[in-house]
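J.: Below you will find the structure I want to go over with you.
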Amino acid sequence: MNVRLNTKKKFIRFKNKTARFVSTIRNIGTTGIEDQDKVKRIKLTNAIGASIAFMILSIAPIGVIFTKNVVIAIAAGVDILFTLSVLVLNHYKKHLTASLVIYFSQCLAVIAFGIILGGLIQLQCVIVFLISILYLLFKEKSLRIVCLISAILTLVILQTIYYLNSVVLQPLGLDTAYIIQSLALVGLLVLILVISRPYVQSHDNNPELERANQFIKVFTYKIAHELRNELNQINLASYLIKKEAAANKQLENISNLIDILRNSSNETKNIVNNVLSMAKIESGQIDAVVLSHFQTASFFEKFIPAYKLLARGKGIQVKLFIDEKMPAVIIGDPLKIGEIVNNLMGNAIKYSHKYSTVYLKIAANEKTYQIEVINKGKMIPKEKIDQIFDPFITFKGNRQTEGTGLGLSLVKNIAETLNGKVAVTNPMPEHTKFSVILPLLAGTQEEIKEEEEDMDIFDFPHNILIADDEDMNCLLLSKVLEDLGCIVKTTSNGQEALNAIEKKLPDLIILDSAMPVLNGEETLNKLKQDSRTKDIPVVIATGDAFAEKQAKLIAAGASAIMSKPIVIKDLAKVLTQHLKHHCDDQLK
């Protein structure tokens, strides 16, 4: 009994040691790499190299013994050196070189063993194997094409060798030939099993991964919604305090503190937006490009005041330069271009040295233009340059600086959506330049939609009804609206709002999208079905800043969508537009 237990323990120890050894080999060169797709390719290269080396070490000696031909040993030795060299290359982070070496060395090995063994081993199976793994080894389309052509050429050369029957090895007996063929087939099957095992496991785990991803997705959206609600309260409260401070000289000293609070709120909002945008991209949902004509100078100038305020705490200057060659009006997607500028400028200020300067430059070329952001700070290490646009990659140039690692990844995704590209360079010591190159399309002034500048059309009180289950949101939003000259009634859900409307019709209704009893969409549907309320403008305030959700609400009859945290200027613009139209309709 004890002997059996000891044997079992020894076997378990041996099994564990073997598993650790195999894991160590597979993971060579993956340290510090956060891109899981790249990690998979590195592991695959290591697995192929180690498996082929082990297979040759096992089979070649038997082949030499039966054939008594030293040429087999030499060819096998050279192939082993090439296959094991990929482990060294991956260790030194030469990942692409390692993948190319393993692929092309096996193409050469097929030709070499074809010359040595002739038709003794049908090496066409190896070429089929090489064609199948090229899509796993290489991500770039150009490399896949080159490798596919190489495999086909190898097959042509091999078939020519078989046709000419120009082999080094003398004819063997049937028994010897059968043994060598069987060993080669077993080796190839083992290689296929080793390579396919991780992908089989991945396929088997897919249902669990899908459930986990769905949970993460719901969790992310729920947390984002809650954060937007809290940020909305901070934003509205800071606006009211700022206005109070401007009217009261005794509160002048807290004005800077309010600015810091608002900047922090905006930064948090950007982080939430980035997380949600990344979640959408990961799930394959990309917002459509909406092109419009806009003025170049005024569009880029509007970003500067906010970033000057953000940079003031570190004594950083922010400067804008627009190339004279840039058209006065260009065509593009202002929302997406704005996201690019916001992420690049936010990063530049975050990682800049104190008392330095951050430059936003807009430069024109013949068919493209560049958005360039240049800052002075600790330079990005060369080994990080290739990864800097990957998700969750951060460069801790300053220990006091933290980031999510999503901003630059989003910049790249947005640029590619706009048929552009991104680049990062170090134009001079301690300086980093991020460039986004986009197609240059000149627009016309006539196509620009004129916006009403006058926000103060409230020459008589307007009745506004608010429905929001967050008491603080109701309180703060009502104070902001009262400050704009409105008379406000608040309710805590859609049903209460409908009950209030029975008593008095409002001029405009603001509904929160997520409420108990009746949510925003359900309340909106009831309002639009009632002949008395169907023409009253309804604005939906939502923490779900997704285009498909907003489009659904607009289709249901919403006059406008306000994403939380609510921007006061945007709120005033929405009220101006829809109250004016509502009043005009009533006067007809």
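The values are calculated or read from the model by the stated rules, or taken from the named source; none is laboratory data. Every value quoted in this text rests on a predicted model; they were computed, and no experiment measured them. We place every Cβ from the backbone using ideal geometry, glycine too, and count neighbours over all the protein chains shown.
J.: Out of curiosity, is L44 closer than 18 Å to V126 by Cα, surrounded by fewer than 16 Cβ atoms within 10 Å (Cβ to Cβ) and not basic (K, R)? Break it down stepwise before answering.
T.: Numbers: closer than 18 Å to V126 by Cα: yes; surrounded by fewer than 16 Cβ atoms within 10 Å (Cβ to Cβ): no; not basic (K, R): yes.
Here the answer is no, as L44 does not meet what is asked.
J.: Looking at I149, I145, I131, I111, can you tell me which residue is farther than 20 Å from I192 by Cβ and in contact (Cβ under 8 Å) with a residue 12 or more places away in the chain?
T.: I111
Yes or no, residue by residue, for (1) assigned to a loop (DSSP other than H, G, I, E, B); (2) of a type in the set (A, V, I, L, M); (3) in the same structural domain as Q159 (by TED's automatic domain parsing); (4) out of contact with any Lys or Arg (no Cβ under 6 Å at 6 or more places or on another chain):
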| site | (1), (2), (3), (4) |
| --- | --- |
| I25 | no, yes, yes, yes |
| K38 | no, no, yes, yes |
| K43 | no, no, yes, no |
| L89 | no, yes, yes, yes |
| T97 | no, no, yes, yes |
| I102 | no, yes, yes, yes |
| A109 | no, yes, yes, yes |
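J.: Here's another thing I want to ask about it. Any idea how many residues of region 309-360 are under 19 Å from V436 (Cα atoms) and hydroxyl-bearing (S, T, Y)?
T.: Count: 2.
J.: Of the conditions (1) surrounded by 16 or more Cβ atoms within 10 Å (Cβ to Cβ); (2) at pLDDT below 70; (3) more than 24 Å from Y239 (Cα to Cα); (4) not aromatic (F, W, Y), N270 clears all except one; give me its number.
T.: (3)
J.: Let me ask another. Out of the residues in region 313-337 that are in a helix (DSSP H, G or I) and over 11 Å from I371 (Cβ atoms), state the one that is modelled with the lowest pLDDT.
T.: Step one: list which residues in region 313-337 are in a helix (DSSP H, G or I), which gives 334-337.
Now narrow it down to the ones that are over 11 Å from I371 (Cβ atoms): 334-336.
Values: P334: 87, L335: 82, K336: 86.
This residue is L335.
J.: If I filter region 511-522 for residues that are assigned to a loop (DSSP other than H, G, I, E, B) and either modelled with pLDDT of 90 or more or among the charged types (D, E, K, R) (or both), do I get at least one hit?
T.: Scanning region 511-522 turns up no residue that is assigned to a loop (DSSP other than H, G, I, E, B) and either modelled with pLDDT of 90 or more or among the charged types (D, E, K, R) (or both).
J.: Scan region 478-497 residue by residue and report those that are part of a strand (DSSP E or B) and either within 12 Å of I510 (Cα to Cα) or within 41 Å of the chain's Cα centre (by Cα) (or both).
T.: Of everything in region 478-497, those that are part of a strand (DSSP E or B) and either within 12 Å of I510 (Cα to Cα) or within 41 Å of the chain's Cα centre (by Cα) (or both) turn out to be V488, K489, T490, T491.
J.: Is it the case, given these coordinates, that D35 is more than 13 Å from F113 (Cα to Cα) and among the acidic types (D, E)?
T.: Numbers: more than 13 Å from F113 (Cα to Cα): yes; among the acidic types (D, E): yes.
Yes: the conditions hold for D35.
J.: Surrounded by 17 or more Cβ atoms within 10 Å (Cβ to Cβ), farther than 20 Å from V190 by Cα and without any contact (Cβ under 8 Å) to a residue 40 or more places away in the chain, is that true of V78?
T.: no
J.: Still on this structure, please answer the following. Output the residues belonging to region 394-429 that are under 15 Å from L344 (Cα atoms), of a type in the set (A, V, I, L, M) and either surrounded by fewer than 19 Cβ atoms within 10 Å (Cβ to Cβ) or modelled with pLDDT under 80 (or both).
T.: L406, A423, V424
J.: Does Y135 meet the test of being outside any loop (DSSP other than H, G, I, E, B), of a type in the set (S, T, Y), in contact with a Lys or Arg (Cβ under 9 Å, 6 or more places away or on another chain) and at negative phi?
T.: yes
J.: To continue, here is another question. Suppose we filter region 310-348 for residues that are among the aliphatic types (A, V, I, L, M) and over 28 Å from the mean Cα position of the chain (by Cα); how many remain?
T.: Let us first name the residues in region 310-348 that are among the aliphatic types (A, V, I, L, M), namely 310-311, 316, 318, 320, 322, 326, 328-331, 335, 337, 340-341, 344-345, 348.
Cutting the leftovers down to over 28 Å from the mean Cα position of the chain (by Cα) gives us 316, 322, 326, 328-329.
The qualifying residues number 5.
J.: Since E339 meets every condition but one in (1) buried (at least 18 other Cβ atoms within 10 Å of the Cβ); (2) more than 25 Å from T268 (Cβ to Cβ), which condition does it not meet?
T.: Just one mismatch for E339, condition (2).
J.: P439: under 36 Å from the mean Cα position of the chain (by Cα), at pLDDT below 85 and more than 30 Å from E230 (Cβ to Cβ), yes or no?
T.: Numbers: under 36 Å from the mean Cα position of the chain (by Cα): yes; at pLDDT below 85: no; more than 30 Å from E230 (Cβ to Cβ): yes.
When the stated conditions are applied, P439 does not pass them.
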